[in-house]
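Following: one structure in structure tokens, then a few remarks.
The values are calculated or read from the model by the stated rules, or taken from the named source; none is laboratory data. Just so you know, these numbers come straight off a predicted model, no measurement behind them. Cβ atoms come from the backbone with ideal geometry, glycine included; neighbour counts cover every protein chain shown. Calculation scope for accessible area: heavy atoms of the full protein, side chains included, ligands and nucleic acids excluded. Shrake-Rupley method; radii C 1.70, N 1.55, O 1.52, S 1.80 Å.
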Amino acid sequence: MILLISDLHLEEQRPDISRAFVHFLAERAPQAQALYILGDFFEVWIGDDAMSPFQHDIARALRQLSDSGTRVYLMHGNRDFLIGQAFCREAGCTLLKDPSVIQVDGKPVLLMHGDSLCTLDVGYMKLRRVLRNPLTLFILRRLPLSTRHKLARKLRNESRAQTRMKASEIVDVTPEEVPKVMTAFGVRTLIHGHTHRPAVHTLEVDGEPAQRIVLGDWDKQAWALQIDENGYQQAPFAL
């Protein structure tokens, strides 16, 4: 069995989410061979060198799971793309590239955070290319902490304001982009988060049946996708 989650947006201001996550790690996740966290694990991340006591606590909880034998994989999201190897070493997890292909029952499955599929949001895509540029990342990690805090607040506030103003189809996945990406990676199953719209979408890719599974976020309730001998099952549970 493997478990996949995304979009927890962990922060000290939402202790209900962090409590639910720690409980999830202690009670459910140890039964899994692997746990995949597909981005936006934290609401904001300004660098491994700026970890708060709260973030250290989360790292320790992940390390306990990893030490128990469950492999833990973490993918960057649009909120926490500055997470680095120092955090991963402390948490006992492996940083995954976005996108990444894993094998499930001998078949390739594509994992993504999902923001790169929202190609109709032209402004965001331009900003994403700038922020993910290796030179930009190099500079960001070396800015003073106070500057990084201010920049993170500015980007966060602008993102919230712009999302409210944009049409829903612009901030959602571009349907035409999905089969293109799945064809490029040779998969018939794609799993991603980001949009906070949990669902299973069926489609055709190169004339074959395919599916796109969207993970739910952790806000009003929590979501986890479980893959086992019974297939793919996603269900919400209380925070």
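Brief remarks on what is shown
- Test set (1) within 14 Å of the chain's Cα centre (by Cα); (2) open to solvent by 50 Å² or more (accessible area, probe 1.4 Å) - Gly114 fails condition number: (2)
- Here Arg28, Arg79, Arg19, Arg63 are screened, and the one residue that is under 23 Å from Ser100 (Cα atoms) and open to solvent by 60 Å² or more (accessible area, probe 1.4 Å) is Arg63.
- Between Asp57, Asp40, the distinction of being under 30 Å from Thr147 (Cα atoms), at pLDDT 95 or above and outside any helix (DSSP H, G or I) belongs to Asp40 only.
- Boolean, Ala91 is open to solvent by less than 30 Å² (accessible area, probe 1.4 Å), at pLDDT 95 or above and either within 22 Å of Gly216 (Cα to Cα) or in contact with a helix residue (DSSP H, G or I) (Cβ under 7 Å, 6 or more places away or on another chain) (or both): yes
- Look at the range 17-32: where a residue is in a helix (DSSP H, G or I) and a partner is at pLDDT below 95, sitting 6+ places away or on another chain with Cβ atoms under 9 Å, you get Ile17/Leu239; Arg19/Leu239; Ala20/Phe237; Ala20/Ala238; Ala20/Leu239; Phe24/Phe237.
- Applying the set (1) open to solvent by less than 30 Å² (accessible area, probe 1.4 Å); (2) in contact (Cβ under 8 Å) with a residue 24 or more places away in the chain; (3) of a type outside the set (Val, Ile, Thr) to Gly231 leaves exactly one unmet item: (2).
- Residue check: Asp219 meets all listed conditions (1) in contact with a strand residue (DSSP E or B) (Cβ under 8 Å, 6 or more places away or on another chain); (2) modelled with pLDDT of 90 or more but one, namely (1).
- Identity of the residue in the range 96-152, charged (D, E, K, R) and outside any helix (DSSP H, G or I), that ends up nearest to Gln211 (Cα to Cα): Lys107
- Hey, Thr147 closer than 15 Å to Gly47 by Cα, of a type in the set (S, T, N, Q) and modelled with pLDDT of 90 or more or not: yes
Residues checked against (1) among the polar types (S, T, N, Q); (2) in contact with a Lys or Arg (Cβ under 6 Å, 6 or more places away or on another chain); (3) under 21 Å from Thr195 (Cβ atoms):
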position: Gln103; (1), (2), (3): yes, no, no
position: Pro108; (1), (2), (3): no, no, no
position: Asp115; (1), (2), (3): no, no, yes
position: Leu127; (1), (2), (3): no, no, yes
position: Leu131; (1), (2), (3): no, no, yes
position: Arg141; (1), (2), (3): no, no, no
position: Ala152; (1), (2), (3): no, no, no
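- When the residues of the range 131-153 are filtered to those that are within 23 Å of the chain's Cα centre (by Cα) and of a type in the set (D, E, K, R), the one that is nearest to Ser116 (Cα to Cα) is Arg132.
- Looking across Leu8, Leu4, one residue alone is part of a loop (DSSP other than H, G, I, E, B), open to solvent by less than 10 Å² (accessible area, probe 1.4 Å) and either over 21 Å from Leu131 (Cα atoms) or of a type in the set (Ser, Thr, Tyr) (or both). It is Leu8.
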